[in-house]
1. Please list 3J(HN,Hα) in residue order for region 14-24, calculated via the Karplus relation 6.51 cos²θ - 1.76 cosθ + 1.60 where θ = phi - 60°; whole Hz, with x for glycine and proline.
2. At 0.36 nm per residue, and after removing the present C-alpha to C-alpha distance, how many nm does the segment from L122 to S7 gain when stretched out fully?
3. If r is the Cβ-Cβ distance from Y217 to V19 and R0 is 30 Å, what FRET efficiency results, to the nearest 0.05?
4. Sorted by mean Cβ packing within 10 Å, highest first, what order do the peptides 96-102, 7-13, 29-35, 187-193 take?
5. Using a 7 Å offset from the Cα along the Cα-to-Cβ direction at both R191 and S26, what is the distance between the two label points in nm, to one decimal?
6. Using Cβ contacts closer than 10 Å as the measure, can you line up Y217, Y78 from fewest to most?
7. Kindly rank 81-90, 44-53 from highest to lowest mean number of other beta carbons found within 10 Å of each residue.
Amino acid sequence: MKKMDASKRKRLYGLSLAVLGGFCMSLGSVSYKLTKDTVAVQAFFLQLVIMYFVSLPMLTVSWVRDEMPTSSLSTFCYMLLYGAGCTGSSLFFYLALDHLSAGDAVAISNCYFAPTLLFAWLFLKEKVHPLQLIFVAASIVGVFLVARPEFLFGYSDQTTSERSTNTNKVLGIIFCVLSNVFTAGRLIIGRKLLGRASLLQLVTALSVIGMVSFVLYAQIR
């Protein structure tokens, strides 16, 4: 009975953190849309800098360092992959915000249930429940309702300006889908790292990989 109670508390705690994370994501998206002279990569880089200068000092605290699990070479490689997945997820989400409203971008970027289920089946060998497939179908329908593609809804009387806007919207949707794929990837990698790496190690890996990616992206762009 006590184990069941502890399990329920842990589940409630996880759900509460998920809701809080979604709220922070929405708040950040709206804040970014309110800025007039900021581009996506600037907001993305600022996020990484803040994460780096928060996590790095905490890694030097003795009691935090002593409680960290010992990392092997495979764990280190997984942490780098996790950082790359988080980097791609965040970067494509910010790029999507340049082409979509905050509401549309958040709605589509939170439809990572489908790729996560697929990756879990492929890499973690998890069984797929029929109810999960129903949720996948519902999320895909939700994306179509938000995106309103021309081949379903039709816009034959559009002006040139409206067509240009729709082209930008399609680009934003593509960025959201890519963000979903990277999000699903880092969730699967995070599951593999469960008990093998601490949260601070993962955050530090994300910030370091992200800042290196930012430099490369700035050079290419």
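None of the figures in this text is laboratory data; all of them are computed from the coordinates on show. The shown structure was predicted, so the numbers you read here are calculated from the model rather than taken from an experiment. Don't worry about glycine lacking a Cβ; one is built from the backbone with ideal geometry, like all the others, and counts go over all protein chains shown.
1. So the Karplus estimates, Gly and Pro as x, are x, 5, 5, 5, 5, 5, 4, x, x, 5, 5 Hz.
2. On the way: separation 115, 0.36 × 115 = 41.40 nm, distance 2.73 nm.
Using 0.36 nm per residue and subtracting the Cα-Cα distance, I get 38.7 nm.
3. Numbers: r = 32 Å, r/R0 = 1.05.
Computed FRET efficiency for Y217 and V19: 0.40.
4. Working: 96-102: 21.4, 7-13: 10.0, 29-35: 15.0, 187-193: 18.6.
Going from most to least packed, we get 96-102, 187-193, 29-35, 7-13.
5. Here the answer is 2.7 nm between the modelled labels.
6. Values: Y217 15, Y78 20.
Starting with the residue having the fewest Cβ neighbours, the order is Y217, Y78.
7. Working: 81-90: 22.4, 44-53: 16.1.
Put in order of decreasing packing, that is 81-90, 44-53.
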